[in-house]
1. If you take the beta carbon distance between HIS213 and ARG15 as r and set R0 to 35 Å, what does 1/(1 + (r/R0)^6) give as a FRET efficiency, to the nearest 0.05?
2. For the chain, with only Lys/Arg (+1) and Asp/Glu (-1) charged at the beta-carbon, what is the dipole magnitude about the Cα centre, in debye rounded to 20?
3. Let's test this: bin the Cα-Cα distances of the range 122-236 at 5 Å from zero up to the farthest pair and state each bin's percent.
4. Taking the Cα centre of the range 9-111 as origin, work out the dipole magnitude from +1 charges on Lys and Arg Cβ and -1 charges on Asp and Glu Cβ, in debye rounded to 20.
5. Straight-line reach from LYS141: which lysines have Cα under 29 Å away, leaving out those fewer than 8 places along the same chain?
6. Going by how many other Cβ atoms sit within 10 Å of their own, how do LEU3, LEU75 line up, fewest first?
7. I need the peptides 197-207, 25-35 ranked by packing, meaning the mean over residues of other C-beta atoms within 10 angstrom, with the highest value on top.
8. Between GLN260 and residues 5 or more places away or on another chain, which pairs have amide H atoms under 5 Å apart, with H built 1.01 Å from N, and which residues are they?
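Read-outs: derived from the displayed coordinates by stated rules, not from any lab. None of these values were measured; they are calculated from a predicted model. All Cβ positions, glycine included, derive from the backbone under ideal geometry; neighbour counts span all protein chains shown.
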Amino acid sequence: MFLHNRINKAELKERLMAEPFKRRTISFYRYVIIENPQEFRDRLYKEWFELNCFGRIYIAREGINAQMSVPEDKLETFLRLLDQHAELQDMPIKYAIEDDGKSFYKLTLKVRPKIVADGLDDGSFDVTNVGTHLSAMDFHKEVEKGEAIVIDMRNHYESEVGRFEGAVCPDADTFRDEIQMVVNDFSNQKDEKFLLYCTGGIRCEKASAYLRHHGFKDVNQLHGGVIEYAQQIKQLNIKSKFIGKNFVFDERLGESVDGQIISRCHQCGRLANTHTNCANDACHLLFIQCDQCREEYNGCCSAECKEILTLPAEKQKEVRVAMQERFAQSKIFKSRLRPDLRDQFHAEAGILKMTDGR
């Protein structure tokens, strides 16, 4: 069998929407030594492909990081298979807050140098010396006290749509940028109590160890992340200290925790919390767009990108190649996450000249 997908995206999505059964969206991670990541990856791919599982999974010598969609009637079998691998036994599983089962449309397993790109030299500090793990309720109570410094260890586009009350949300594009920003920005407050949180807990594992390495005395982290917190407070019928939407890295791009909308459309300023990727394949900017602007711009981030969509397929391909070449030459950070850089990049890329043939 082929150990990777060979079917085009459109057909896969069509198949997903036609499925007559339900799926469950889950996530899990573990830092554990995997002696042969490629061999381990291939073995898991075969097992999960047979169960019709979808998802995005990263495997490295340091462990595994997985976000998946599993057929509901195969979930018990899937969990039993996990336990048959010593590296994955008794794995804590986090279940999606809002789940229509359409989170992934194919199975992707990749071997990476790390399961989270952090830019850190793990040999320079003790990665096992992590912060104190706090349960959802313990974290909730600490936030309620208002005495600790609460740090959102996610990227700016994640905290823009949802965050804990009173949290510091660094204006960072990547986790590797943010972890350094936190160390630098709070270098004079190392004796304070810190509460770290992220989506599922994995980024806080590395961040808390790095902060402790740099002399931060009282570092704590939300065990299971926002996903576990939202599940727990919902079960206990407690008012959430997390407001807004929890960004997730799958087709849904987010799930509401308390029903509030705290962000605005990047195009018109209306209240909105739906992230979208610009429909122009040459751009694919990730931005927040309301329903009205989605209709007006055909899912694009700008009038220029909307215009490109009207071009013949071959012309669109030419524009895409030209923009990618100019992207590589641009001094602007190659970000899909910064709408405020859009106009500057469009000017540098000469996007208007591309559309009118000049």
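1. 0.15
2. Dipole of the chain, to the nearest 20 debye: 620 debye.
3. Each 5 Å bin holds this share of Cα pairs: 2, 12, 24, 27, 21, 9, 3, 1, 0.
4. 340
5. List returned: LYS94, LYS190, LYS193, LYS206, LYS217, LYS234, LYS239, LYS241, LYS245.
6. LEU3, LEU75
7. 197-207, 25-35
8. For GLN260, whose amide H was placed from the backbone, the distant partners under 5 Å are GLY244.
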